[in-house]
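Colleague: Just dropping this structure here.
Read-outs: derived from the displayed coordinates by stated rules, not from any lab. Here the structure is a predicted model, which is why all the values come from computation and not from measurement. Note that we place each Cβ from the backbone using ideal geometry, even for glycine, and neighbour counts take in every protein chain shown.
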Amino acid sequence: MIIAQISDTHVFRDAPDADLRASDLERTIADINALKPAPDVLIHTGDMAHGGRREDYALAASLLRKSHAPLYVAPGNRDDKENLRHAFSPWACRASGGEFLDYAIEDFPLRLIAIDTVSRGTNKGDFSEEHARRLIELIDAETTKPIVAFMHHPPYIVTVGPDPLNFVTPEAMARLQRTLQHSGRVIAVFCGHVHRSTGGRIGAIPVVVMPCTATSLRKGDYPPQMRDRPVYHLHRIDAANGLCTQARIVEAAAADADGCQRRSA
Ligand SMILES: [Fe+2]
């Protein structure tokens, strides 16, 4: 199974770089659509829009509807969950009504679980007893397939960048770590939020964090020729080889040695 991941698009029509943010997203989707083999699914790990306004979600949705792969989204701290749900449910968000925007996708050999880590009033993640109860319910609803979880906030100590703890308390992050490990079936966790490429582990579970799709907000050092080139992640997962993550540069050279090639025109 091949999962394409984008994150932190921060679509915002009032930003000075509004057109760039939109074109970064548009170019990234075009690049993903040209992949061969095509990814099975596209996930967005939050901060879809910067100010949470309906018009920004409408713009993001119009660009993301061009994705050939089915899309599923998780909320970030910049998102307005109600407006995100309004623009993306049910086609790219299967959450039922209510405060939490969490859900499972059962259409693939691996189950996908979107986790809502958005806190009230802070930009950090939260994971309360209620969050844990809901996640255990989602995990235990099916007991045979491996699970890939995706969420906005990285649930480990990120020692690159300004703030290692991305949750409101260490206890909230530890609760999420315990819950992810409870079944033994979660095989990978994909996140965004810190706008840079990094990764860690929760016990045996690898956590991969992708850089910001919006190039103007991306952290980390990139050479000048890459500054206007979005980066996205492709995660290949199979029973024999486990997880292999590739960072792809939008509009990079025509072919990769690994068989993931741009379609010829
Ligand atoms: Fe962000």
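Colleague: Select from region 1-34 the residues that are assigned to a loop (DSSP other than H, G, I, E, B) and under 18 Å from the mean Cα position of the chain (by Cα) and write down the one among them that is nearest to the ligand (Cβ to nearest atom). Explain how you work it out, then say what you get.
Modeller: Restricting attention to region 1-34, the residues satisfying the condition of being assigned to a loop (DSSP other than H, G, I, E, B) are 1, 7-10, 12-17, 34.
Now drop any that are not under 18 Å from the mean Cα position of the chain (by Cα), which leaves 1, 7-10.
Numbers: Met1: 26, Ser7: 7, Asp8: 4, Thr9: 9, His10: 6 Å.
The selected residue is Asp8.
One line per residue, one yes/no per condition, for (1) surrounded by 22 or more Cβ atoms within 10 Å (Cβ to Cβ); (2) farther than 28 Å from Ile249 by Cβ; (3) among the polar types (S, T, N, Q):
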position: Asp14; (1), (2), (3): no, yes, no
position: Thr28; (1), (2), (3): yes, no, yes
position: Pro39; (1), (2), (3): yes, no, no
position: Trp91; (1), (2), (3): no, yes, no
position: Ser96; (1), (2), (3): no, yes, yes
position: Leu112; (1), (2), (3): yes, no, no
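Colleague: Pairs, please: C-beta under 6 Å, at least 6 apart or cross-chain, first residue among the hydroxyl-bearing types (Ser, Thr, Tyr) and in region 190-201, second more than 11 Å from the ligand (Cβ to nearest atom) and in a strand (DSSP E or B)?
Modeller: Thr198/Val209
Colleague: Moving on to the next point. Of the residues in region 35-50, how many are away from the ligand (no atom under 16 Å from the Cβ) and either over 19 Å from Arg111 (Cβ atoms) or touching a helix residue (DSSP H, G or I) at 6+ places or on another chain (Cβ under 9 Å) (or both)?
Modeller: So the count comes out to 6.
Colleague: Could you please give the count of residues in region 198-216 that are within 14 Å of the ligand (Cβ to nearest atom) and surrounded by fewer than 19 Cβ atoms within 10 Å (Cβ to Cβ)?
Modeller: Matching residues across region 198-216 total 1.
Colleague: Continuing with the same structure: Out of region 107-152, which residues are more than 23 Å from Ala4 (Cβ to Cβ) and hydroxyl-bearing (Ser, Thr, Tyr)?
Modeller: Ser119, Thr122, Ser128, Thr143, Thr144
Colleague: Please tell me if Leu135 is surrounded by 19 or more Cβ atoms within 10 Å (Cβ to Cβ), under 14 Å from the mean Cα position of the chain (by Cα) and either more than 26 Å from Phe167 (Cα to Cα) or away from the ligand (no atom under 16 Å from the Cβ) (or both).
Modeller: Numbers: surrounded by 19 or more Cβ atoms within 10 Å (Cβ to Cβ): yes; under 14 Å from the mean Cα position of the chain (by Cα): no; either more than 26 Å from Phe167 (Cα to Cα) or away from the ligand (no atom under 16 Å from the Cβ) (or both): yes.
Here the answer is no, as Leu135 does not meet what is asked.
Colleague: Among the residues that make up region 143-159, is at least one of them touching a helix residue (DSSP H, G or I) at 6+ places or on another chain (Cβ under 6 Å) and either in a helix (DSSP H, G or I) or without any contact (Cβ under 8 Å) to a residue 40 or more places away in the chain (or both)?
Modeller: Within region 143-159, not a single residue is touching a helix residue (DSSP H, G or I) at 6+ places or on another chain (Cβ under 6 Å) and either in a helix (DSSP H, G or I) or without any contact (Cβ under 8 Å) to a residue 40 or more places away in the chain (or both).
Colleague: Okay, next question. Evaluate the following for Asn123: is it assigned to a helix (DSSP H, G or I), of a type in the set (S, T, N, Q) and without any contact (Cβ under 8 Å) to a residue 60 or more places away in the chain?
Modeller: So Asn123 fails the test.
Colleague: Now, a different point. For region 165-197, which positions are in a strand (DSSP E or B), among the β-branched types (Val, Ile, Thr) and crowded, with 20+ Cβ neighbours inside 10 Å?
Modeller: Val186, Val189
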